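Report on one structure; see the data block that follows.
Every number in this text was worked out from the coordinates using simple rules, so none of it is lab data. Note that the coordinates shown come from a computational prediction; the quantities given were computed from them, not determined experimentally. As a convention, Cβ positions derive from the backbone with ideal geometry for all residues, glycine included, and neighbour counts pool all protein chains shown.
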Amino acid sequence: KNYNIAVVGATGMVGRTILKVLEERNFPINNLYLFSSAKSAGTSMEFKGKSYIVEELNNASFDRDMDIALFSAGGSTSTKYAPIAASKGVVVIDNSSAFRMDKDVPLVVPEVNESEIMKHKGIIANPNCSTIQAVVALKPLHDKYKIKRIVYSTYQAVSGSGVKGVDDLKNGLANKPNSFYPHPIANNCLPHIDVFGENGYTKEEMKMIEETKKIFDDYNLRITATTVRVPVSNCHSESVNVEFYNDFDLEELRNTLKDSPGIILVDDPEKNLYPLASLANGNDEVFVGRIRRDESVDCGINIWIVSDNIRKGAATNAVQIAESLIKNI
Ligand code: 2RA
């Protein structure tokens, strides 16, 4: 069977990558509908050698024979239109944070909690990019050694902010003024992604903390996070400290990661081999390395995790959810 698919936010960085991944993975598509804001409506986009005109999203957009709508157009668009699509029987896979913590909305990374997908009530949420790569790496370790505590420190690419972030880095490196970030991102690390809350943490930090607990369905996990924007074009890097309840053999732990879905182990520091943005860029795997025992606790490790935040962190994960969905509908 082929499916009628909509991409909402088709002209954005993630939207374009969703189309690229749908084509690469030969997703079985009958009709394809592309939607955007008024600003980008009328744009012509290519898919499998055919041209498609991007339509302006409106309340009637889902009044047609449609199976799945992949949203990546920001929280306000999802808040308004995802329920409309779902009310018409269209299954929404939403890349925004609008519904992630809603108890009726599965928050899914297929390698981690694929079985949650069929509990959906019309909307399935794609986690935040920085959360996705972390839980892919940590899930096999949680299953084997039971995680007690996680300390996330992230080094996030400007592509996470979309074209505005990419432009700020380019302008900064060309000594032109930046207009998006609060400070020049060129030659700076900004400990400020999204907005600050009352508790002094940013929304990005709280997303990593809360989304990890929901995805692992383990609210006893003790998690803290510091998320930082760095002058890298694409791919997020993360230094993660993990403490387990149960002890481990380091070689066994590394092999567990090596043999787990969606993970590539790159860990031979003596040969200067460890995960890099330049290695992850354009790929869908989560790259792990620098795995070493944390001698300051009884059962802990430090690990370095790198992945393409636009692909596995957003577009590919959403398409993988759609692939799982059609296996079951
Ligand atoms: C960022 N994770 O990197 C956030 C949203 N993509 O800006």
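Taken over segment 187-204, the criterion of being without any contact (Cβ under 8 Å) to a residue 24 or more places away in the chain and either within 20 Å of N241 (Cβ to Cβ) or more than 21 Å from the chain's Cα centre (by Cα) (or both) is satisfied by G197, E198, N199, G200. For segment 121-155, a tally of residues being farther than 16 Å from V286 by Cβ and touching an Asp or Glu at 6+ places or on another chain (Cβ under 8 Å) returns 9.
Pairing residues of segment 46-59 that are within 25 Å of T77 (Cα to Cα) with residues that are in a strand (DSSP E or B) and of a type in the set (D, E), at Cβ distances under 8 Å and at least 6 apart in sequence or on separate chains, gives Y52/E46. Being surrounded by fewer than 19 Cβ atoms within 10 Å (Cβ to Cβ), in contact with a helix residue (DSSP H, G or I) (Cβ under 9 Å, 6 or more places away or on another chain) and in a loop (DSSP other than H, G, I, E, B) is the filter here, so list the residues in segment 143-171 that pass it. Across segment 143-171, the qualifying residue is only G162. Scanning segment 164-173 for residues that are under 21 Å from S72 (Cα atoms) and of a type in the set (D, E, K, R) turns up at least one hit. Assessment of segment 308-316 against the conditions (over 30 Å from A73 (Cα atoms), touching a residue at least 24 places away in the same chain (Cβ under 8 Å) and not in a helix (DSSP H, G or I)) yields no matching residue. The set of residues from segment 185-226 being part of a loop (DSSP other than H, G, I, E, B) and within 15 Å of the ligand (Cβ to nearest atom) comprises I185, C189, P191, H192, I193, D194, V195, Y201. Taken across segment 171-184, residues that are aromatic (F, W, Y) and within 19 Å of S97 (Cα to Cα) do not occur at all. Checking C235 against (1) within 30 Å of N175 (Cβ to Cβ); (2) touching a Pro at 6+ places or on another chain (Cβ under 7 Å), which test does it fail? Of everything listed in (1) within 30 Å of N175 (Cβ to Cβ); (2) touching a Pro at 6+ places or on another chain (Cβ under 7 Å), C235 misses just condition (2).
For segment 138-161, a residue qualifies if it is within 11 Å of V242 (Cα to Cα) and either hydrophobic (A, V, I, L, M, F, W, C) or away from the ligand (no atom under 16 Å from the Cβ) (or both), and the qualifying residues are L138, L141, H142, Y145, K146, I147, K148, R149, I150, V151.
The residues on offer are L34, L70, L22, and the sole one that is surrounded by 20 or more Cβ atoms within 10 Å (Cβ to Cβ), farther than 23 Å from A98 by Cα and among the hydrophobic types (A, V, I, L, M, F, W, C) is L22.
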